[in-house]
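Report on the structure given below.
The values are calculated or read from the model by the stated rules, or taken from the named source; none is laboratory data. Bear in mind the structure is a predicted one, so any value in this text is a computation, not a measurement. Please note: Cβ atoms are built from the backbone with ideal geometry, for glycine as well, and neighbour counts cover all protein chains shown. Side chains included, ligands, DNA and RNA excluded: accessible areas come from the protein's heavy atoms. Shrake-Rupley method; radii C 1.70, N 1.55, O 1.52, S 1.80 Å.
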Amino acid sequence: MPAEWHPHSGTLMTWPVNRDTWPGFRLKNVEKVYLNIIRRLHEFEPVHLIVHDEGVRARVNDALRTANLPENAVIYHLHASNDVWIRDYGPVFVRDQAGHYAVTDWEYNAWGGKYPPFDSDNRIPGLIADAFRLPHILPDMVLEGGSIDTNGRGVLMTTESVLLNPNRNPRLSKQQIEERLKTYLGQQQIIWLTSGLAGDDTDGHIDDMSRFVSENVMVTALPEDRNDINYPVLRENYEILKSTRNRTGGHYDIIPIPMPRTRIVGTTVDGSPYVPASYANFYIANAVVLLPLYDDRYDRRMMDLFAGLFPGRTIAGIPCKDLVWGQGGIHCITQQMYCR
């Protein structure tokens, strides 16, 4: 599995239509976030957009025109979908030593069956493999793309609260899960963190907490306020990473990043007073990094930090308060593609 900074052939997204996730005015607000992402992303790589039907395609065309974006800013794929979280149900690409790509198609059950139906989303990897005539590999295991992060050199991070949760793969042991990750994604080392953020209905995805930014460098969320609800678990994860050895026996360079405010007024659709807002939920594209913005106390500092971490890439800040209300961020709604 390539690291996210490996050159893409495009980015895959799904246009939002689910009124359960985005009730009332919130759907229109999240559409504006999508347009902002498309505006920044299409300058650097093709944006492949899944639209539920012809009516949605027409609505997107209207939205693009209103936003002064060209109609060819996106490449449409007409597929039924249940929701927008393409990182979790979309194709996970792998490549062989000759540079040929394939799609691994893991089972998707909407984070332990929390949000049925999810059958249309679960079909998307096979449809993409067919559309681009790529080998289609079925590992026979539930796995969401947001639950893993790799440095592209055989090291993968994940969390016990997700992959060992009985709502995913109750018949598989930790050793069997590791074997599948190593076999199908080409990994040699699995780093296990514990659990995730308050308000994260995925049970604790890694892409809200800790991410590789190069082979031996990671950023990891750590609140500056010790009274923050997320401080205990994020401190524990930070200590795990500090003590972990890389494949050459040295230590990883661990860069703590602050947490924005995650307590909201009222609750989300599923009743949580917290959202999984995190600067770790960034997306690395070909010559740009899309960085979620949430909190005036830290936004500028994070823009400057990421400019140093990714020299040569534009750092595009994307306000994401409306997006994260639906309990996901930029990384959750994007999936890198390798379809040449």
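Would you confirm whether or not region 218-239 contains a residue that is open to solvent by 40 Å² or more (accessible area, probe 1.4 Å), more than 30 Å from residue 269 (Cα to Cα) and among the polar types (S, T, N, Q)? No, region 218-239 contains no residue that is open to solvent by 40 Å² or more (accessible area, probe 1.4 Å), more than 30 Å from residue 269 (Cα to Cα) and among the polar types (S, T, N, Q). Selection of region 246-267 for residues being open to solvent by 40 Å² or more (accessible area, probe 1.4 Å), at pLDDT 95 or above and under 26 Å from residue 188 (Cα atoms) yields 251, 253, 256. If you check 83, 149 for being closer than 24 Å to residue 252 by Cβ and touching a residue at least 60 places away in the same chain (Cβ under 8 Å), only one passes: 149. The set of residues from region 104-133 being outside any helix (DSSP H, G or I) and either more than 20 Å from residue 183 (Cβ to Cβ) or touching a Phe, Trp or Tyr at 6+ places or on another chain (Cβ under 6 Å) (or both) comprises 104, 108, 109, 114, 115, 116, 117, 118, 123, 132, 133. Scanning region 151-160 for residues that are in a loop (DSSP other than H, G, I, E, B) and crowded, with 24+ Cβ neighbours inside 10 Å yields a total of 1. For region 87-99, filtering for residues that are surrounded by fewer than 18 Cβ atoms within 10 Å (Cβ to Cβ) and part of a loop (DSSP other than H, G, I, E, B) leaves 4.
Just one of the listed residues (318, 284) is open to solvent by less than 10 Å² (accessible area, probe 1.4 Å), in contact (Cβ under 8 Å) with a residue 60 or more places away in the chain and touching a helix residue (DSSP H, G or I) at 6+ places or on another chain (Cβ under 7 Å), and it is 318. One residue stands out in region 100-150 among those that are under 24 Å from residue 166 (Cβ atoms) and of a type in the set (S, T, N, Q): the one that is surrounded by the most Cβ atoms within 10 Å (Cβ to Cβ), namely 147.
Looking at region 61-81, can you tell me whether even one residue there is within 17 Å of the chain's Cα centre (by Cα) and within 16 Å of residue 41 (Cβ to Cβ)? Taking every residue of region 61-81 in turn, none turns out to be within 17 Å of the chain's Cα centre (by Cα) and within 16 Å of residue 41 (Cβ to Cβ). Pairs meeting the criteria (first residue in region 222-250 and more than 15 Å from residue 277 (Cβ to Cβ), second residue open to solvent by 90 Å² or more (accessible area, probe 1.4 Å), beta carbons under 8 Å, at least 6 apart or on different chains) are 242/251; 244/251; 245/251; 247/153; 247/188. Scanning region 161-187 for residues that are touching a strand residue (DSSP E or B) at 6+ places or on another chain (Cβ under 9 Å) and either of a type in the set (D, E, K, R) or part of a helix (DSSP H, G or I) (or both) yields 161, 163, 168, 174, 177, 178, 181, 182, 184, 185.
Selection over region 1-41 of residues that are assigned to a loop (DSSP other than H, G, I, E, B) and of a type outside the set (A, V, I, L, M, F, W, C) gives a count of 13. Taking first residues from region 49-75 that are touching a residue at least 12 places away in the same chain (Cβ under 8 Å) and partners that are β-branched (Val, Ile, Thr) and open to solvent by 20 Å² or more (accessible area, probe 1.4 Å), the Cβ contacts under 8 Å between residues at least 6 apart in sequence or on separate chains come to 49/75; 52/17; 56/17. Taking the criterion of being surrounded by fewer than 22 Cβ atoms within 10 Å (Cβ to Cβ), assigned to a strand (DSSP E or B) and touching a Lys or Arg at 6+ places or on another chain (Cβ under 8 Å), no residue of region 290-313 qualifies.
For region 60-86, the set of residues classified as open to solvent by 10 Å² or more (accessible area, probe 1.4 Å) and in a helix (DSSP H, G or I) consists of 61, 62, 63, 65, 66, 71, 72, listed by residue number.
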